[in-house]
Amino acid sequence: RATIEVAGLRKRFGHTMALDGMSFTVTPGQVTGFVGPNGAGKSTTMRVILGLDAADEGSALVGGRPYTGLRDPLRHVGALLDASALQPSRTARNHLLWLAHSQGLGAGRVDEVIEQVGLGSAAQRKAGGFSLGMRQRLGIAAALLGDPPVLMLDEPSNGLDPEGIIWMRGFLRSLAAEGRAVLVSSHLMSELEDTADHLVVVGRGRVVADTSVAGLLATA
Ligand code: ADP
Ligand code: ADP
């Protein structure tokens with residue numbers, strides 16, 4: 001059963017057709033790679049799913065409901081949209097404690113998620129001094145605070161060094177192995193072809209290919 005169902009989304013920004021009939025589904029226990037060039041509509045789709053942008057047409061459901069209709073949405077969906085929304089003067093741990101508190105999630109998972117993203121040794125350092133890769137990890141830790149069954153990560157490998165990119169692959173696999181539905185975007189097919197179970201390839205606001213990776217290899 002699909003956890004995220006996007007159907008016929010259309011969204012215009014002025015003269016730009018950002019989404020032009022975007023439709024796909026995301027299944028639990030799988031990494032779904034959302035691939036396409038910059039400007040293809042990946043971020044807008046994620047923002048519409050999260051209710052941060054309104055679509056002109058179509059529907060986006062999480063567990064059968066619009067995100068904005070979910071009770072306790074942060075316990076359903078975790079998202080990394082960009083790594084910029086952190087307080088530079090707080091330590092990584094205090095940033096997460098603050099987020100957990102302000103989102104009503106409780107502090108119980110803070111130390112666990114810091115370890116999970118490999119920031120244990122940097123937990124007491126100020127986030128303002130973090131590299132982009134460390135900010136990405138901190139953003140992912142924040143998305144995991146509510147232990148959500150659905151994760152949406154927009155270009156999570158941006159700013160990661162080669163070692164970080166390898167870590168990210170294994171990390172995404174482990175999230176799916178726990179049964180979570182993982183939607184992860186990239187403008188690089190090479191970043192997702194070894195990681196994703198399923199690929200949704202997009203261009204100009206719509207899906208141009210939608211295939212299981214096993215199916216792709218079988219026809220190659
Ligand atoms: P992607 O994430 O695949 O790079 P986006 O969803 O960011 O693509 O963008 C899709 C299109 O919508 C692009 O042409 C982009 O310039 C445009 N767009 C996105 N957000 C806005 C906005 N807030 N205002 C105007 N245009 C936007
Ligand atoms: P505001 O209207 O004050 O900007 P928003 O509700 O638009 O607040 O979102 C604030 C921030 O929270 C945004 O940067 C967005 O990326 C992030 N956000 C929204 N929903 C989620 C989610 N489910 N998981 C993680 N971050 C989220």
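The values are calculated or read from the model by the stated rules, or taken from the named source; none is laboratory data. Bear in mind that the values here come from a model prediction, so they are computed numbers and not experimental data. Note: ideal-geometry Cβ built from the backbone for every residue, glycine included; neighbour counts use all protein chains shown.
Considering only residues that are of a type in the set (Val, Ile, Thr), within 16 Å of ligand 2 (Cβ to nearest atom) and surrounded by fewer than 23 Cβ atoms within 10 Å (Cβ to Cβ), which ones fall in the range 23-63?
THR44
Give me the strands (runs of 3 or more DSSP E) completely within the range 16-111, filtered to those with at least 3 residues that are farther than 18 Å from ASP210 by Cβ, ordered by residue number.
16-26, 77-80
What do you reckon, is ALA218 among the aliphatic types (A, V, I, L, M), buried (at least 19 other Cβ atoms within 10 Å of the Cβ) and more than 14 Å from PHE24 (Cβ to Cβ)?
Answer is no for this residue.
Look at GLY133 and say whether it is away from ligand 2 (no atom under 16 Å from the Cβ), free of Cβ contacts under 8 Å to residues at least 12 places away in the same chain and not in a strand (DSSP E or B).
No: the conditions fail for GLY133.
GLY120 - would you say it is more than 16 Å from ligand 2 (Cβ to nearest atom) and over 16 Å from the mean Cα position of the chain (by Cα)?
Considered against the rule, which asks whether it is more than 16 Å from ligand 2 (Cβ to nearest atom) and over 16 Å from the mean Cα position of the chain (by Cα), GLY120 comes out as yes.
Consider only pairs whose beta carbons are under 7 Å apart and that are at least six residues apart or on different chains; among these, list those whose first residue lies in the range 45-73 and is closer than 26 Å to GLY106 by Cβ and whose second residue is among the β-branched types (Val, Ile, Thr) and assigned to a loop (DSSP other than H, G, I, E, B).
Listed by first residue and then by second, the contacts come to VAL62/THR3; GLY63/THR3.
Here is a yes/no grid of residues against (1) surrounded by fewer than 21 Cβ atoms within 10 Å (Cβ to Cβ); (2) on the phi < 0 side of the Ramachandran plot; (3) at pLDDT below 95; (4) of a type in the set (Ser, Thr, Tyr):
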| position | (1), (2), (3), (4) |
| --- | --- |
| SER131 | yes, yes, yes, yes |
| GLY139 | no, yes, yes, no |
| LEU153 | no, yes, no, no |
| SER157 | no, yes, yes, yes |
| ASP161 | yes, yes, yes, no |
| ILE165 | yes, yes, yes, no |
| LEU172 | no, yes, no, no |
| ALA177 | yes, yes, no, no |
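Only one residue in ALA60, ALA100, ALA92 is modelled with pLDDT of 90 or more, within 22 Å of GLY8 (Cα to Cα) and of a type in the set (A, V, I, L, M), so which one is that?
Of ALA60, ALA100, ALA92, the one residue that is modelled with pLDDT of 90 or more, within 22 Å of GLY8 (Cα to Cα) and of a type in the set (A, V, I, L, M) is ALA60.
If you take the residues in the range 67-85 that are surrounded by 20 or more Cβ atoms within 10 Å (Cβ to Cβ) and within 15 Å of PHE130 (Cβ to Cβ), which one is farthest from ligand 2 (Cβ to nearest atom)?
So, considering only residues that are surrounded by 20 or more Cβ atoms within 10 Å (Cβ to Cβ) and within 15 Å of PHE130 (Cβ to Cβ), the one farthest from ligand 2 (Cβ to nearest atom) is ALA83.
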